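The values are calculated or read from the model by the stated rules, or taken from the named source; none is laboratory data. Note that this is a predicted model, so its numbers are computed, not measured. With ideal geometry, Cβ positions are generated from the backbone for all residues, glycine too; neighbour counts draw on all protein chains shown. Quick note on the areas: whole protein, heavy atoms, side chains included, nothing else; ligands and nucleic acids left out. Shrake-Rupley method; radii C 1.70, N 1.55, O 1.52, S 1.80 Å.
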Amino acid sequence: MTKLSVGKYKGKKGKVKKIIDAKKAIVSGINIVKKNQKSDPNKQQTGGFIEKEQPISLSNLGIFNSDTKKLDRIGFINKNGIKHRIFKSNKKLIK
């Protein structure tokens, strides 16, 4: 679960659907815009307004710690030669 830390949607939560070019991400329910779409009889698409999620910069996202109910920073530990991500505040593994 991610939470937006800055910008217009600060404090909103959502799941990351897709990461684009390691700089932007599409988050469910965030940055929704209305787009006018023309009808296309070949594809059986009707015209009108559709709602679409637009990408948001990764610098505006933070990882939400469900135990502390706050945004948290990430640390790394090595267990048996495998690198694991942990929350810095309570040292729990990130799933």
If we count every other residue with Cβ under 13 angstrom of LYS69's Cβ, Lys/Arg +1 and Asp/Glu -1, where does the sum land? +1
Work through the residues other than LYS12 whose Cβ is under 14 Å from its Cβ and net out their charges, Lys, Arg +1 and Asp, Glu -1. +4
Given a 1.4 angstrom probe, what's the average accessible area per residue across region 2-87, in square angstrom? 76
Report, in listed order, any pair from LYS24/LYS52; LYS18/LYS79; LYS13/LYS83 with a Cα-Cα distance greater than 23 Å. LYS18/LYS79; LYS13/LYS83
Quick one: compute the contact order of region 1-60, relative version, from alpha carbon pairs under 8 angstrom and 6+ residues apart, as a percent. 30
How large a share of the accessible area of the chain, in percent, is made up of carbon and sulfur atoms when the probe is 1.4 Å and the other protein chains stay in place? 51
Explain nothing, just the number: dipole magnitude of the chain about its Cα centre with +1 on each Lys and Arg Cβ and -1 on each Asp and Glu Cβ, in debye rounded to the nearest 20. 380
For LYS88, put the label point 7 Å out on the Cα→Cβ axis and report which residues of region 53-78 keep their amide N under 11 Å from it. 72-76
Highest-fluctuation residue, LYS17, LYS79, LYS52 considered, GNM on the chain with Cα pairs under 10 Å: LYS79
